[in-house]
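Presented below is the structure to which this report refers.
The values are calculated or read from the model by the stated rules, or taken from the named source; none is laboratory data. Please read these numbers as outputs of a predicted model, since none were measured by experiment. In this analysis, Cβ positions are derived from the backbone assuming ideal geometry, glycine residues included, and neighbour counts consider all displayed protein chains. These area figures cover heavy atoms from the full protein model, side chains too; ligands, DNA and RNA do not enter into them. Shrake-Rupley method; radii C 1.70, N 1.55, O 1.52, S 1.80 Å.
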Amino acid sequence: MELNHILLFTAIATSALVVLQAFQPQSPGARARAAVVLIGSVLAWLLARPIAGWLSAIVWCALLVVPAFLQNRAWAARYHYRQSGSDRQSGSDRRFGITVSPVVLALIIVNVAVFILELLAGGSTNPMTLHRLGELDTHSVIFRHQYWRLLTALFLHYGPIHIFFNLFALLLLGPALERQIGGFLFAVCYLVSGIGSSVAVVLLTKLRLFEPVQLVGASGCIMGVVGTWIGFLLHHRHAPLARQRLRNIFVIVLLQLAFDVVTPRVSMSAHLGGLFTGFLLGLLVQTKPVPLTPRSRFRD
């Protein structure tokens, strides 16, 4: 997974969501600036592919990230001026703080702890270290019956960039879903989806549709969270803002699939396996959803 591809995907994904008004409220001209970022990213990919991600990231920061940061600072200054005492502090925390739900926090801690173990055991990019700690080696699962690799591989990561983007995605998508369906069900969906992604890779390898591979990472679990969102929102499609959230998630899925196609060393089969497993679990979740308000977004 190359940083160039990741930066390009990030710029395109967030800009597309802004264009589709996934983030509310928006500053005046945000959609126009996001469209410029999209066009610039496409041109960079066509004309300067080796550095397309870096060029897109520069335009993305200049036109979207920095203006949004300045707007939030201005809003905070006005808010603090109007509020006083504890009410001001609590209100500011609700508006600007990133709320981390308990299970998401626990998963982040576990993943970071395992990553530190990788570093101590020989390096997070060392093939021998990853194999010894439990990467998904399809040959070992099929012929040596080492089924524990279906689970352990979900907590291993190949390098700091890999773990950063997986945990960042979990932080964005996870807390809101955990609050909707509860911590226990969220943990079940996360882990079962990840195992489902591993099983999908192993089955496709056993059917000789793919060559034996070695995989690590929580991306199957993350796609499982996305799939659970889809199933849950379809089941509760009449809830306020459910259709808007569903539309945004479909955009994320399409962008992820496009990212898988153009990026080497990324397992689309693992992502689709996790997505499908999470979708089935989302359809089974019967918890009554908490009413969605305009302030209730993926990034609560």
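Can you confirm whether segment 138-147 contains a residue that is in contact with an Asp or Glu (Cβ under 9 Å, 6 or more places away or on another chain) and of a type in the set (D, E, K, R)?
Yes, there is a match, as at least one residue in segment 138-147 is in contact with an Asp or Glu (Cβ under 9 Å, 6 or more places away or on another chain) and of a type in the set (D, E, K, R).
For segment 104-150, what are the residues that are open to solvent by less than 30 Å² (accessible area, probe 1.4 Å), closer than 28 Å to residue 173 by Cα and small (Gly, Ala, Ser)?
Scanning segment 104-150 gives 124, 134.
With the condition being touching a Gly at 6+ places or on another chain (Cβ under 9 Å) and at pLDDT 65 or above, I'd like the helices (runs of 4 or more DSSP H) fully within segment 46-115 carrying at least 2 qualifying residues.
Of the helices (runs of 4 or more DSSP H) lying wholly inside segment 46-115, those with at least 2 residues that are touching a Gly at 6+ places or on another chain (Cβ under 9 Å) and at pLDDT 65 or above span 52-60.
Out of 176, 169, report the one residue that is under 20 Å from residue 222 (Cα atoms) and free of Cβ contacts under 8 Å to residues at least 60 places away in the same chain.
Just one listed residue meets the conditions, 169.
Need pairs with beta-carbon distance below 7 Å; first residue assigned to a strand (DSSP E or B) and within segment 137-159, second open to solvent by less than 40 Å² (accessible area, probe 1.4 Å) and of a type in the set (D, E, K, R); sequence gap 6+ or separate chains.
Correct list of pairs: 137/149.
Considering 266, 251, 225, which residue is open to solvent by less than 30 Å² (accessible area, probe 1.4 Å), within 26 Å of residue 13 (Cα to Cα), in a helix (DSSP H, G or I) and modelled with pLDDT under 90?
Result: 251 is the single residue among 266, 251, 225 that is open to solvent by less than 30 Å² (accessible area, probe 1.4 Å), within 26 Å of residue 13 (Cα to Cα), in a helix (DSSP H, G or I) and modelled with pLDDT under 90.
If I ask for residues that are over 17 Å from residue 271 (Cα atoms) and surrounded by fewer than 16 Cβ atoms within 10 Å (Cβ to Cβ), which ones from segment 161-187 would you list?
Scanning segment 161-187 gives 161, 164, 182, 183, 184.
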